[in-house]
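Asker: Okay, here's the structure, questions in a sec.
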Amino acid sequence: MKTKNLWPIGIVSSLVLFFLGTVALVVIAGSHPNDLVSSNYYYDEVRFQKQIESVARARSLETGAQVVYDRITREIRLSVPPRSLEPSAHGQIYLYRPSSAGLDRRVELKLDASGAQRINASEIHAGLWRVKVSWTDAGGEYFFERQLVVGDMKL
C-alpha cells in the first residue's frame, strides 16, 4: 500500500491562507476611515493656536481666575480678576460633564463689578465637572478651565 505525500498540499494550503489573510487585512484596513487626519487641518491648527494664546492671556492675569463649589448654598462661584473686566467683555461658561454629555450646560457670563458670578447648582447632578470659561474684551480672548466636584460625593 502506497501512502500519499501530504507536504505539497500543506505548503500550497499555507500559501493560500497567507494570501487570503493578507487580502482580508488590506480590505479591513482600507474600509476604516483614518480619524487622525482632519480634512481641514490648517483651520484646526489655527483655532488650536488661538486657544493656546487665550489660555496664556488668562494666566497672565495677576491673581488668576477661580471656580469653587459651595456645598452649603449649592452654588458654583466663579471669580475673575477685576483688572480683566471691561464694559465690552462678554463670554460664556460651559459646564462639561465628562461621564454624560447630555448633562452639559452653557451659561452666559454675567460678572458683577467685583468680577464674580454665582451659578445655582441645585439642579446639577453630583459628580465631576469641568468648568470652561471663555470671554472676549478689547484686550483679546481669554480662556481657562478648572475641574470641580459638585455635590457630596463619597469616594
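Asker: What stretch of the chain, leaving out the sites themselves, is the longest with no trypsin sites (Lys or Arg not before Pro) in a DSSP loop having at most 13 other Cβ atoms within 10 Å?
Answerer: 5-70
Asker: How high is the relative contact order of the chain, in percent, with contacts defined as C-alpha pairs under 8 Å that are six or more residues apart?
Answerer: 21 percent
Asker: Using only Cα atoms, find the angle between the long axis of helix 41-59 and the longest principal axis of the chain, and express it within 0 to 90 degrees, rounded to the nearest 10.
Answerer: It works out to around 40 degrees.
Asker: Extension gain Tyr41-Glu145, at 0.36 nm per residue separation less the Cα-Cα distance, in nm?
Answerer: Contour length minus the Cα-Cα distance gives 35.0 nm.
Asker: Could you check the simple spin-label distance between Tyr94 and Trp7, using points 7 Å along Cα→Cβ, in nm with one decimal?
Answerer: Reported label-point gap for Tyr94 and Trp7 is 6.7 nm.
Asker: Continuing with the same structure: Within a Cβ distance under 12 Å of Val67, other residues only, what is the Lys/Arg minus Asp/Glu net charge?
Answerer: Charge balance near Val67 sits at +2.
Asker: Still on this structure: Which length gain, in nm to one decimal place, applies between Phe48 and Ala116 when the Cα-Cα distance is subtracted from 0.36 nm times their residue separation?
Answerer: Stretched fully, the Phe48-Ala116 segment lengthens by 21.7 nm.
Asker: With each pseudo-label sitting 7 Å past Cα toward Cβ, what's the Lys132-Gln66 distance in nm, one decimal?
Answerer: Calculated label separation equals 2.5 nm.
Values quoted throughout were computed directly from the atomic coordinates according to the rules given, and no laboratory measurement underlies them. In this text, all values refer to a predicted model and were calculated from it rather than measured experimentally. In this analysis, Cβ positions are derived from the backbone assuming ideal geometry, glycine residues included, and neighbour counts consider all displayed protein chains.
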